[in-house]
Amino acid sequence: MEKEEMDARIIRIELFEFDVPCCYHHAKGKLENCRYGLLKLTDEAGETGWGECLMAVNEKYFDLVTWARFLYRLQKTTTAQALDIVRLYRVLWGNVKADLTEMALFDLISRSRRKPFVEVLGSYGGAGYYGSCGRSVKSSFGFRPAAVLSEEDGVWPCGEPYYPSGSRQTARFELAAGVESSANALQTGREIHPGCGGSLLDDLRSAYMLRQEGTALAMHKDYLIGPACCLWEHTAAVLGADWLEEGGYPEPARLAPVQACGYIGTGFQLDQPVLFEQSRAYFIVL
């Protein structure tokens, strides 16, 4: 069944441009004149996959058609072929375009399999897989809340100390069977901001590793507005992390709430008429 899903051909590629006057990025601060790209892939079975990225910031002139030409490489490919193309052309395209496409492809796969996005992402995290940071994820992973990993299994590259439930106290997590515990097995949590540890997908992998170590998490919305925002909130729910959303300036408003779909895919959906009405520009590959 999974092989059939990977063999499904992509028959429609759409990119919508959304312009936001300003947004907030934890590492870069306030960003102005932000041009977001929402990528929508449709396969021959009618399933869709969504991706999101910041295409340009504070640029006076921006040509969506020129920026989106790389998408012709995906025309009439299968999902498996498209993933190979992304890995082959990552250096040429750059991380922003490659990560945008990967997010949409993993969303398409997870919706087809009716599985959570992070579970599908983990199945592609085996030896030899490299994210935008260029680091290898040593093996596939699954969520084990009480498990403790060794330091070399992965570390969080960008985060702040976080104290669960708003208190300045540490939290204790039950250790997995067979793991030696100690009186020092107390950990503060981490506040995680999107886009601080490489790509958003790198951030998701790191968040999973932290939860496997028993670290409490608080995940911020920050600059996300579409599929990535819904995916980030989905992941917070799956990991049992606190979800922190300002709901106002300087955070831009989200385009849609998370869909009630049992944590399948990104959880993002927006009707075509609404997309055309709210977006500034549109690009399509048939």
* Asked: Looking at PHE70, is it among the aromatic types (Phe, Trp, Tyr), at pLDDT below 95 and within 21 Å of the chain's Cα centre (by Cα)?
  -> no
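Condition check ((1) under 21 Å from the mean Cα position of the chain (by Cα); (2) not hydroxyl-bearing (Ser, Thr, Tyr)) across all residues:
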{"site": "TYR36", "(1), (2)": "yes, no"}
{"site": "ASP43", "(1), (2)": "yes, yes"}
{"site": "GLU52", "(1), (2)": "yes, yes"}
{"site": "MET55", "(1), (2)": "yes, yes"}
{"site": "TYR61", "(1), (2)": "no, no"}
{"site": "THR66", "(1), (2)": "no, no"}
{"site": "LEU83", "(1), (2)": "yes, yes"}
* To do: Just one of (1) in contact with a Phe, Trp or Tyr (Cβ under 9 Å, 6 or more places away or on another chain); (2) at pLDDT 95 or above; (3) open to solvent by 30 Å² or more (accessible area, probe 1.4 Å) trips up GLU277, so point out which.
  => (1)
* Looking at (1) buried (at least 19 other Cβ atoms within 10 Å of the Cβ); (2) outside any helix (DSSP H, G or I), find the lone condition where ARG90 falls short. => (2)
* How about region 227-257: which of its residues are surrounded by 24 or more Cβ atoms within 10 Å (Cβ to Cβ), of a type in the set (Gly, Ala, Ser) and either in contact with a Phe, Trp or Tyr (Cβ under 7 Å, 6 or more places away or on another chain) or under 20 Å from LEU39 (Cα atoms) (or both)? -> ALA228
* Would you check if ASP203 is within 19 Å of LYS97 (Cβ to Cβ) and either surrounded by fewer than 22 Cβ atoms within 10 Å (Cβ to Cβ) or touching a Gly at 6+ places or on another chain (Cβ under 8 Å) (or both)? => yes
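The values are calculated or read from the model by the stated rules, or taken from the named source; none is laboratory data. Just so it is clear, the model here is predicted, and its values are computed rather than measured. Every residue, glycine as well, gets a Cβ built from its backbone with ideal geometry; the counts of neighbours run over all protein chains shown. Side chains are part of the model used for accessible areas, which takes the heavy atoms of the whole protein and leaves out ligands, DNA and RNA. Shrake-Rupley method; radii C 1.70, N 1.55, O 1.52, S 1.80 Å.
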